[in-house]
Amino acid sequence: MSKVAVVGAGGLVGGRVVAGLDKSGIDSLELTLTGLGKSIGKTLTFRGEDLTIEKTTISKLKSADIVVLCTPTEASRQLVSELRGGPVIIDTSSAFRMDPDVPLVIADINPDDAKNHKGLIAGPNCSTIQLVMVLKPILDRYGLERVHVATYQAVSGVGYKACCQLEEESFQRLCLGKPGYDPTDSEFPHPIAFNVIPQVDSFLPDGYTKEEMKMVNESRKILGLPGLRMSCTCVRVPVFIGHCEECLVETREEADLDDLRTLLRGAKGVVVLDNPQESQYPMPIICDGTEEVYVGRIRKDLSSRNGLLMWIAADNLLIGAATNACNLVKLLLSQG
Ligand SMILES: NC(=O)c1ccc[n+]([C@@H]2O[C@H](COP(=O)([O-])OP(=O)(O)OC[C@H]3O[C@@H](n4cnc5c(N)ncnc54)[C@H](OP(=O)(O)O)[C@@H]3O)[C@@H](O)[C@H]2O)c1
């Protein structure tokens, strides 16, 4: 019997980790679900049984073989320090991703990195995962010279409170004719309903945001390309689920577009949806609830040498966090 604890089980990612483990096919799995406050006492169904979310205690977590942290960064930092030397930890937060002693793993991309873990494995940022799932096959076939990405990120990337805010602001604007934005209780620096905000996370002195540098640094680490020339602009849009990315990739060797589409069709977890004449391309409404990364609008860039343009979309909660966390649980159990 493998014992797995999911911390933050009542959150957007945690709930999807539980659902993912439910259908994972892993035999003999005993789950413990914990949270901080609001979710305690709620139940989630796991293999026909209603499991109650309990208060998080270190002794409870220490009795598990694997602990999956679906908690905010500071909570993860604290829990990891208290659990060190106990169960193997999979952390979905940004707390340890760039720690050189912690492998940063996408199970479908760099599973071997998980073999060298020292009790802790980090899962990447949601925007990073969907990008790297497409970049890796391109790197392996053509080589990578440069990457530039503009993201269109859904509010669920910030957690359940942000989804409630978008809903409430939209309702107040549409139905009551009020602004509906309360700057003292907001997940965003501006109203998010009927708006587009070119800021995700806080700004660094060089003008990039922390989110933008997370994408750059995490992609470099996972791909094993510390010198990859890469930059991003991360933008928040009023969509509930599904991050989109406009991506310019300059390859070392020139890529033929048909060959590239065939390559991506064969890539694990990637779906090519590229029929613009029929208005078929990736969109949040298509990827919401799915466990694939969608890529389309594939064409040559007119402004660079060997440049390719593409449009990528994926469910940020599943592909961007929960699916990978479940795959990491499977990977760890298969490694014994
Ligand atoms: N959302 C995404 O697209 C995404 C993608 C990749 C990575 N991530 C990362 O995944 C983590 C979870 O994100 P989320 O979107 O699921 O957030 P969320 O919906 O806000 O859920 C957070 C959960 O963490 C629990 N929690 C908070 N502090 C805790 C503590 N000290 N001890 C135990 N539980 C605690 C909360 O419990 P209560 O409900 O009981 O208060 C809540 O259930 C974050 O680190 C986030 O950065 C998120």
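The values are calculated or read from the model by the stated rules, or taken from the named source; none is laboratory data. All values derive from a computational prediction rather than experimental measurement. Here the Cβ is made from the backbone with ideal geometry for all residues, glycine too, and neighbour counts use every protein chain on show.
Could you list, in sequence order, all residues of the stretch 276-300 that are more than 25 Å from the chain's Cα centre (by Cα) and either crowded, with 19+ Cβ neighbours inside 10 Å or more than 23 Å from GLN153 (Cα to Cα) (or both)?
GLN277, GLU278, LYS300
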**Request:** Return a yes/no flag: does the stretch 316-329 have any residue that is over 20 Å from ARG16 (Cα atoms) and not hydroxyl-bearing (Ser, Thr, Tyr).
**Result:** no
**Request:** Scan the stretch 48-63 and give yes if some residue there is more than 8 Å from the ligand (Cβ to nearest atom), in contact with a strand residue (DSSP E or B) (Cβ under 6 Å, 6 or more places away or on another chain) and modelled with pLDDT under 95, otherwise no.
**Result:** no
**Message:** Can you tell me which of (1) surrounded by 21 or more Cβ atoms within 10 Å (Cβ to Cβ); (2) under 16 Å from the mean Cα position of the chain (by Cα) is the one LEU260 doesn't meet?
**Reply:** (2)
**Asked** What are the residues in the stretch 99-120 that are within 15 Å of the chain's Cα centre (by Cα) and either assigned to a strand (DSSP E or B) or of a type in the set (D, E, K, R) (or both), if any?
**Response** LEU104, ASP108
**Prompt:** Quick check, is ASN324 part of a helix (DSSP H, G or I), in contact (Cβ under 8 Å) with a residue 24 or more places away in the chain and in contact with a helix residue (DSSP H, G or I) (Cβ under 7 Å, 6 or more places away or on another chain)?
**Reply:** yes
**Complete:** For ARG146, the lone unmet condition from (1) in contact with an Asp or Glu (Cβ under 8 Å, 6 or more places away or on another chain); (2) buried (at least 21 other Cβ atoms within 10 Å of the Cβ); (3) basic (Lys, Arg) is (2)
**Request:** Go through (1) free of Cβ contacts under 8 Å to residues at least 24 places away in the same chain; (2) in contact with a Cys (Cβ under 8 Å, 6 or more places away or on another chain) and name the single condition GLY11 misses.
**Result:** (1)
